[in-house]
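Reviewing the structure listed below.
The values are calculated or read from the model by the stated rules, or taken from the named source; none is laboratory data. Here the structure is a predicted model, which means the values were calculated and not measured. Here Cβ is always computed from backbone atoms with ideal geometry, including for glycine, and neighbour counts include all displayed protein chains. We work out accessible area using only protein heavy atoms, side chains counted, and drop any ligands, DNA or RNA first. Shrake-Rupley method; radii C 1.70, N 1.55, O 1.52, S 1.80 Å.
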Amino acid sequence: MQEYKTKQKEFLLECLAENKDVHMTVSDISAYMRDKGHAMGMSTVYRQLDKLVSSGLVRKYIIDETSSACYQFADPNGECCEHFHLKCSVCGKLIHTDCSLMRKISEHMRESHGFEVDCTKTLLYGTCSDCLKKNK
């Protein structure tokens, strides 16, 4: 089945690529699109996101039953496949770690526990340095 290139799909990918360090909800995406002059109906956003997730261009995160699903641009260079992610519970910033200790943890899990960590789905919650400074 041939995948068609549409303006809506292009605008949606542009939105997610420009915000690749953020997990965006459909509401966030819709507001961003509207602010950029590319208003899109919610059903169109959902439909396009489903296609982009299926194609591997976008990742979908479901944190719990009460939260909205979040979406993130899947870097074509595979950068998110190789490291853990930290998410600030205060401001929502997403931090990509390039840390030897986290790689060692992943290696330990594989070697000692026979468990392969999927780094595309790792997400540790806490408070970023900017928000910690604001609270002091």
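The residue that is least open to solvent (accessible area, probe 1.4 Å), counting only those in the range 33-69 that are among the basic types (Lys, Arg) and either part of a strand (DSSP E or B) or under 27 Å from residue 96 (Cα atoms) (or both), is 59. Looking only at residues of the range 87-116 that are part of a loop (DSSP other than H, G, I, E, B) and in contact (Cβ under 8 Å) with a residue 12 or more places away in the chain, we find that the one that is most open to solvent (accessible area, probe 1.4 Å) is 98. Looking only at the range 70-89, residues that are farther than 26 Å from residue 100 by Cα and either out of contact with any Ser or Thr (no Cβ under 7 Å at 6 or more places or on another chain) or at pLDDT 85 or above (or both) come to 1 in all.
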